[in-house]
Structures are given as C-alpha cells and as structure tokens.
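Have a look at the structure below before the remarks.
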Amino acid sequence: MDRIYHALLLAGAFLRPASAECRILKRGLSRDLLLMGDGILTPDGVFQRDSVLFIQSGRIAYVGDICGLGTSGGGDDASVVDCRGSVISPGFINTHEHIDFSTVAPFPDIGERVGHRHDWRLGTRNFTMREVAVNGSEIDAIAWGELRHIFSGTTSIIGGGMVPGLARNLDFTDGLEDGLESRLVIYDTFPLKDRLGIMRNGDCDYGPNAIDRDTATQYHRYIGHIGEGIDVEAANEFICLSNVTFDTTPAIDGSGLSTDIIAPNVALVHALGLSLHDFDVVAARGAKVVWSPRSNMYLYGTTLNVTHLLGAGITVALGTDWLPSGSATMGREAACAVSATREIYNVSLAAKVLWEMATINAARVAGYEDELGSLEAGKLADIVIFSGERDGDPYEQAIFAPQEKIELVLRGGKVLVASSGMKDLTSGSCEQVSFGNVDKTVCVADELGSSFRELEASLRGVYPAVLPGVPPYEPSCKPGIKL
C-alpha cells in the first residue's frame, strides 16, 4: 500500500474517538478488505491498538501492527473499515452437528436421564424412546440449519449433511467451498455399527463391518461417536476400539474383534463413558475429543471433566450436537460448558479457552488448522466481527455473543451477513432481515437458490434460524441423574 493509503488510515481512523460498531471509511472497487481494530483475537492474545487485518483474494494477507502493512503488496482497491471497539475473530467451526434435524424443536424435558444413547434413541431397558423426524425436506432442513449457524458466527460445520454454498461442510468434498482442498474427513455416528441398539459388556460383538485400525488410518480425520453414555456399556465401546487384546474371539460372521484406532487423526465425539485412565490413553496417542456438554447434561445428567482433558494435553473442540437435546448455536454451547463445569466440578472455564475450542482447536480436530481457525497470514478469510464493549473481555464478547451482536460474517472474504453500517460492502442478491431489535443485510440467495424470506415462508413455522439471546425451549444444562 502506498503512502497516501497509510495517511488515510492514520488520519481517518486512529485519530478518531473509539466506536463500538464498525464504519466504512472507504468503499473500494474490489472484494479486498482492510479491517482496522483494537480487538483482533488470536490464540496468542489480542492485537490491540493500531492493528489491522488485510484480506486479499479471499485470504488473510496480513495481520498485525499497521506499521508492518507496507510489506503487504496491493490493496489500493480495498475497502477500509474502522472496527475499533468491535471484536474480530475467526469464524467458529462446529465439529459436531446432525444438521438434517435443524427444523425440529427441542425434546420436551420429561425429567428422565439415561445411561446409554440407545436408551433414549430406541427405548431400550424400559426407558422412553425419544422419536424425532425431519420436518419438510432434508435439503431444506440442512439449509435452514446452516443459516442458523452462519447467523451466529459459525462458518464451518461437520454435521453429516450439506447443501452447496452457505457454511463450509468439512466432511463433504462438495461442501468445502471456495479455497479449501479436499481431504478425507469421515464423520461416523455408529463406528461399531450398533445402530439397531447393540450394547455389549465384556466383548466386542457389535455389528459387522465396524471400524478397524486399517480403515481408520486411511482417513485424514476419523471423527466418531464413541462412549456416548455413562454406563459400563458405553465404557466398553472405547475398550473395543483401543485394545487389540480385549476380544480376540470372532463372532460367527467373523466380526466382533477388538481393535485399536486411537491415533492423532481420530477424534472422539462425546466420550462420556471414558475413565480418567482412558483419557490418559487418548492423550498419549494424540487423539482428540469433541465436547457437547448440553446434550450430555440433558440426556445423561453429567458431562466431561474437561479440565482433566485439557491438563492432559488433549485437543478439545466444542460441538452443538443437534437441536433436540443440544444447543442452537456455538455461543449457547459455550454458555452450557461454563455452567456445567462450574456446577459439577467447581471449576471456572476461561472464555479464551472456550473460544479456542470453537476456533483453532476445532480446526485441528477437522484437520484444517493450516487453512482455518485462526487469524494468520495465508489462511482463508473466514471471519466474524462482533460489536463489543471497550472494558469487556474480548474473548467473552465473541464466544458468548447473541446473533444481534454480529456485525459481519465472511466466508473466504465473501460477505454473508452485514450490519446496517456495513451493508455497502455487500454484493449480489441481498435482503434485510430483522435480528431482534436490529436489522442486518443477509446475502445468501445466490447460494441458496431462494431468498431467506422465501425459504422461511416455505418451512411454515419450524424452529427459527433467527434467535433471541436464549433460544426458545432450550434443553436444560442442569446436572442431575435420574435413571
């Protein structure tokens, strides 16, 4: 950038009083964007006074002190936005969703907590079966869920389903969107092929064609639901997948042997049935964990002692699970993580730790930490800006922000959501949508194939994508075991 541009930055922004909302200083001719702020979040800390983030061709070209900006080429056609007083963060990465259930309202709380997922899924052992069905078409439900997450700052999802455009779907080659190369990320709800309700204790006689070591090692990432429950049957699942000598007697069909898949490319979803010793094995092998505390609390009455996992050096990411028993947004999942950990373990989780679980840790779980999850030069410009308060913790203002606080959502530098003050940055087919007491510009029609309003009308009153601070009928995050 030339000297005139530096003069514009210095005179037009850093000498003006701080503001809590972004404002456009210059509308450029390209999609390149220069964000100026004092709340740029990184795992190493906050870039504060006189800091900038330069986006060029959909990637982060520079982040740091304004004085170093001259080493970055180009930029004369970029738009310039002053975001002092706001918080600039990587987009959140949701590593655990069942996105096709995004039009379904949360389960009514009948006060029943269970020992294993098959108890509520299928009504085993005389528990109540919690039936759930997709409202409308599956494609519409997935699109609706992706919109809800985009509106709350999530730009990437691992969720077992996808539609083109909108959020990145890291478990689908066709859903990676602009800038990401294909990597084999497998998301498996039933690694042991126990969908029909198979529960074992003392052997591994689950369904045929269960995951094994040779198969798991072929994947860039294998993300599997393992040990979802608090009983011996849930614990048995991890043993069967981590100890080759546990069951060496095959079933009649040749299946039923224990294996050992625990390795750095593996992430365990839930892992609620694991012991502290089991987590020591996870740590020693470099495997990872996806934590969904709200579903844990609502279905099983408890959740992981995540401070033990973090202390052992395990990479932990947050995931919302699904609407029936989990959180509608990553921010609400983080809120549950705080309250559950405090009430059960009497430990306070720092906002920065939770923010890392939703950003760089999540990118590591997904195997895209070189492209996503932090604000670093060379990475894709998946960025969210939140309106902030000067005296508040910026990590807290990001991870717990309601949808109303979203000022800008970028995926690969493309504007998906913009506050009224930044609507001039938008292009393509956009529309105004009310988020509580504020209006935002939403630019999804070109990717969705219809406007947001048209999709909303066609779904006729399903669970909303635009939410208040506490979403309606939110599942409980209170501890308590009633088996």
Note on the stretch 361-429: alpha-carbon gyration tensor, axes a ≥ b ≥ c; rule is a/c under 1.5 for rounded, else prolate if a/b larger than b/c, else oblate; result oblate
Starting from the coordinates of the alpha-carbon atoms of the chain, obtain the Kirkwood hydrodynamic radius over all distinct pairs and give the value in Å to one decimal. 23.0 Å
Stretchable slack from VAL244 to LYS26, in nm (0.36 nm times residue separation minus alpha-carbon distance): 72.2 nm
Kindly work out what percent of the DSSP beta bridges joining two residues of the chain are antiparallel, to the nearest 5. 60 percent
By a straight-distance test (C-alpha under 17 Å), which lysines pair with LYS405 as possible cross-link partners, with residues fewer than eight away in the same chain excluded? LYS423, LYS440
Computed over the Cα atoms of the stretch 37-171, what is the convex hull's projected area averaged over all directions, in nm²? 12.3 nm²
Here the tail fraction of P(r) beyond 28 Å, over all Cα-Cα pairs of the stretch 316-459, rounds in percent to 26 percent
Assigning unit charges at the beta carbon (Lys, Arg +1; Asp, Glu -1) and nothing else, what dipole magnitude in debye, to the nearest 20, does the stretch 13-165 show about its Cα centre? 140 debye
Over the Cα atoms of the stretch 92-366, what radius of gyration and what Dmax do you get, in Å? 17.7, 51
About the Cα centre of the chain, how large is the charge dipole given +1 on each Lys and Arg Cβ and -1 on each Asp and Glu Cβ? Please answer in debye to the nearest 20. 800 debye
Would you work out which of THR154, PHE127, THR173 lies farthest towards the positive end of the dipole of the stretch 105-173? Charges go on Cβ: Lys and Arg +1, Asp and Glu -1. PHE127
Using alpha-carbon pairs under 8 Å, 6+ residues apart, how would you state the relative contact order of the chain in percent? 19 percent
How many percent of all Cα-Cα pairs in the stretch 196-296 sit more than 24 Å apart? 16 percent
Given 37 °C and 0.692 mPa s, compute D for the stretch 232-349 with the Stokes-Einstein relation, Rh being the Kirkwood radius over Cα pairs; round to the nearest whole µm²/s. 216 µm²/s
Give the shape of the stretch 124-280 as rounded, prolate or oblate, defined through the alpha-carbon gyration tensor: a ≥ b ≥ c are the square roots of its eigenvalues, a/c under 1.5 means rounded, and otherwise the shape is prolate if a/b is larger than b/c and oblate if not. prolate
Taking the Cα centre as origin and putting +1 on Lys and Arg beta-carbons and -1 on Asp and Glu beta-carbons, what dipole magnitude results for the stretch 92-366, to the nearest 20 debye? 660 debye
Extension reserve of the ASN209-LEU276 stretch, reckoned as 0.36 nm per residue once the Cα distance is removed: 21.2 nm
Give, in nm to one decimal, the length gained when the segment between ALA457 and ASN201 is fully stretched (0.36 nm per residue of separation minus the Cα-Cα distance). 87.3 nm
Cβ-derived FRET efficiency at R0 45 Å, ARG390 paired with GLU431, nearest 0.05: 0.90
So for the stretch 92-366: antiparallel DSSP bridges make up what percent, rounded to the nearest 5? 10 percent
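Read the figures in this text as sums done on the coordinates, not as results from a lab. Since the structure is predicted, the reported quantities are computational estimates derived from the model, not experimental observations. Methodologically, a virtual Cβ is constructed for each residue, glycine included, from the backbone with ideal geometry; neighbour enumeration extends over all protein chains shown.
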